[in-house]
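Once you've had a glance at the structure underneath, I'll fire off some questions.
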Amino acid sequence: MSLKSERRAIHVDQSELLCKKGCGYYGNPAWQGFCSKCWREEYQKARQKQIQEDWELAERLQREEEEAYASSQGAQGGQTSLGFTKFEEKKSNEKARKVTTVKKFFTASSKSVPKKDPEEKSGKPVQAGGRERSADILRDLKGLFVPPWELASSAEVLYDKLRDMKEAKAPSPSLTRQYSIETDRVSKDFIEFLKTYHKAGHDVYKQCKVFLETIHHKKESNIDELSEFTQDFYQNTADKLQMYWKVPPNKVEEAMDQIEKFIMTRLYKHVFCPETTDDEKKDLTVQKRIRALHWVTPQMLCVPVNEDIPEVSDMVVKAITDIIEMDSKRIPRDKLACITGCSKQIFNAIRITKNEPASADDFLPTLIYIVLKANPPRLQSNIQYITRFCNPSRLMTGEDGYYFTNLCCAIAFIEKLDAQSLNLSEEEFSRYMSGQASPKKQDTDIWDADTCPGVKQMHRNLDLLSQLSERQERIVTGAKKLEKDLIDWTEEVTREVQDIVEKYPLHIKANSQALASIDSENVEDDRLPPPLQPQVYAG
């Protein structure tokens, strides 16, 4: 099977990496192919539509309750009709089901102000099926439908903080916990950085502290709501710096990087792979899938990288190291930097192998091969963490966004990899996956089936010796060139020094007066006072 016949088994049109809404930014599978901006718009539209439908449901239920209440008041002697009782029971069940569905879909992202008991508020017992119960249901729905970013006012945050302290009768653990050394260092660096922004820096620091306090009160919220709240904070802060404080765009980008570093260093252990998500389950699934694909060779993926070249082999190792190190970073921007470093090593390896610039069709198969070979830890958790809490401008444009989008495509390809993708038959693919067989090496096609294994090994050794000989020749040639360069440099420096000495000669003038020694005879000693004579005093 030739390389040309296998070529382009893996191909992704560059237009498929862009947002499917056509805005020109990079899309993301986690956002259903949209960029972060368009995804938020679509999410808000769907949310508003759901809110409107639930409002209509609440109003309809309230009208029906009012009609039922009016009918019950017209009954004689306070006797309750059996039909009305069944009607009321049916509507109550419908309300409970609908409200539960609404609460499940729109989990409250901020603690709301405690409401008074209906009996205390009205001053009289609540009648079953009465008007007060309908008003309470409508009021609860209103509390649920307020967007989370509108609930996070400083007054409400302070109220919640005081209420929690009163109920627990102890200060919040977050107020007394000891920050790590890294957190302290990041805080000091952030404060020093904001000093260059003067009043704008003070305002940014205040907003960051309020944001962290608000997130502390949203710990029990859904991770998607925390992500939405964080993305809104990024957007609002950037807009305020650029429009209100008139900060240049390049300085705004630099400030947003520092803001992300400051807040995510503190939030990392709370929002990375939280227990409320299935990120850990996805990590195990991907790791198991990659282990099962350990037999995949570069030839199957049409990888244009020759690892027999020592320089290329070193770059492959560095690319694997970079993608593995991503899990050790705490800041989304640093994780993206690892992905970018891995991708650049891949492009350099392809360029050296082919002696020409790498193309996008060469990059994606090689990236898939690197991921299969590295099997990075907690891959899905890291992807989700970057998607949820990274500055959206980095994922929408630039080389970071491009490389990250390709990594998401590589993971999606690995999850759906089949026999057709590798140009294999279904039988071969099944045998390789089950471990019943392993792919033959590339050089077996040139040997007959009855060839002695010793002869094959001898030829392989000869090839290795030939490669080592070529490598040694390159090293010797480089050493001779370095020696010649050093000799030339020495001669050039000597020549320049000689020219300077000739142009500016050094003349040492003799001193006209000889320096007298301190112990020599002084011709003017007669003018000096007589030396002091020791005197003895009687004690």
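The values are calculated or read from the model by the stated rules, or taken from the named source; none is laboratory data. No experiment lies behind these values; they were computed from the predicted model shown. For neighbour counting, all protein chains shown are included, and Cβ atoms are generated from backbone atoms with ideal geometry for every residue, glycine included. We work out accessible area using only protein heavy atoms, side chains counted, and drop any ligands, DNA or RNA first. Shrake-Rupley method; radii C 1.70, N 1.55, O 1.52, S 1.80 Å.
Can you tell which of Gly341, Phe363, Leu424 lies farthest toward the positive end of the dipole of segment 333-475, using +1 and -1 charges on the Cβ of basic and acidic side chains (Lys, Arg; Asp, Glu)?
Checked the options; the winner is Gly341.
Oh, and also: With a Förster radius of 25 Å, plug the Cβ-Cβ distance of Lys240 and Lys188 into 1/(1 + (r/R0)^6) and report the FRET value to the nearest 0.05.
0.55
Using the Karplus curve 6.51 cos²θ - 1.76 cosθ + 1.60 with θ = phi - 60°, what ³J(HN,Hα) values do you get for each residue of segment 249-256, in whole Hz, with x for Gly and Pro?
Result, ordered by residue: x, 5, 6, 5, 5, 5, 5, 5 Hz.
Grab the beta carbon distance between Asp499 and Ala479, set R0 = 35 Å, and tell me the FRET efficiency rounded to 0.05.
0.70
Which entries of Lys335/Lys481; Lys206/Lys269; Lys209/Lys318; Lys188/Lys335; Lys21/Lys288 show an alpha-carbon separation above 32 angstrom in the structure shown?
Check vs 32 Å cut-off fails for Lys335/Lys481; Lys209/Lys318; Lys21/Lys288.
How far apart, in nm, are the 7 Å Cα→Cβ label points at Leu284 and Glu356?
4.8
Calculate, in whole percent, how much of the Cα-Cα pair population of segment 316-459 lies beyond 21 Å.
55
Something else about it: With +1 on each Lys and Arg Cβ and -1 on each Asp and Glu Cβ, and nothing else charged, work out how big the dipole of segment 187-326 is about its Cα centre, in Debye to the nearest 20.
540
Amide H neighbours of Phe34 under 5 Å, at least 5 residues apart or on other chains, H built in the peptide plane: list them.
Result for Phe34 returns Lys20, Asn28.
Count neighbours as other Cβ atoms within 10 Å of each site's Cβ, and list the trypsin sites (Lys or Arg not before Pro) in segment 240-348 that are DSSP loop with at most 13 such neighbours.
Lys246
Also, quick follow-up: Which whole-Hz ³J(HN,Hα) couplings does segment 281-290 yield from phi under the Karplus relation 6.51 cos²θ - 1.76 cosθ + 1.60, θ = phi - 60°, glycine and proline marked x?
Using θ = phi - 60°, the values come out as 5, 5, 4, 5, 5, 5, 4, 5, 5, 5 Hz.
If each of Glu428 and Glu64 carries a label point 7 Å out from its Cα toward its Cβ, how far apart are those two points in nm?
6.3
Quote the charge dipole size of segment 451-501 about the Cα centre in Debye, to the nearest 20; the model charges only the Cβ of Lys and Arg (+1) and of Asp and Glu (-1).
My answer is approximately 620 debye.
What net charge do the residues around Ala419 carry, taking every other residue with its C-beta under 9 Å from that of Ala419, with Lys and Arg at +1 and Asp and Glu at -1?
In short, -4.
Taking just the alpha-carbon atoms of segment 246-318, what radius of gyration and Dmax come out, in angstrom?
Spelled out, the Cα radius of gyration and Dmax of segment 246-318 are 20.6, 56 Å.
Return the distance in nm (one decimal) between the two label points of a simple spin-label model at Arg471 and Ile324, each offset 7 Å from Cα along Cα→Cβ.
Inter-label distance under the simple model: 2.0 nm.
Only sites in a loop by DSSP and with at most 14 other Cβ atoms within 10 Å count here; which trypsin sites (Lys or Arg not before Pro) in segment 197-234 make the cut?
Those satisfying the criteria are Lys219.
Can I ask one more? If you count, for each residue, the other Cβ atoms within 10 Å and average over each peptide, how do 389-401, 454-466 line up from highest to lowest?
Put in order of decreasing packing, that is 389-401, 454-466.
Give a quick list of chymotrypsin sites (Phe, Trp or Tyr not before Pro) in segment 342-382 that DSSP marks as loop, anything other than H, G, I, E or B, with at most 15 other Cβ atoms within 10 Å.
none
Per-residue counts of other Cβ atoms within 10 Å, averaged by peptide: what ranking do you get for 300-311, 370-381, highest first?
Per-residue mean Cβ counts within 10 Å order the peptides as 370-381, 300-311.
Kindly sort Trp489, Trp245 by accessible area of their heavy atoms, largest first, with the probe set to 1.4 Å.
Trp489, Trp245
Using the Karplus curve 6.51 cos²θ - 1.76 cosθ + 1.60 with θ = phi - 60°, work out ³J(HN,Hα) for each residue of segment 337-344 in order, rounded to whole Hz, and write x for Gly and Pro.
Those phi angles translate into 4, 5, 5, 5, x, 4, 5, 5 Hz.
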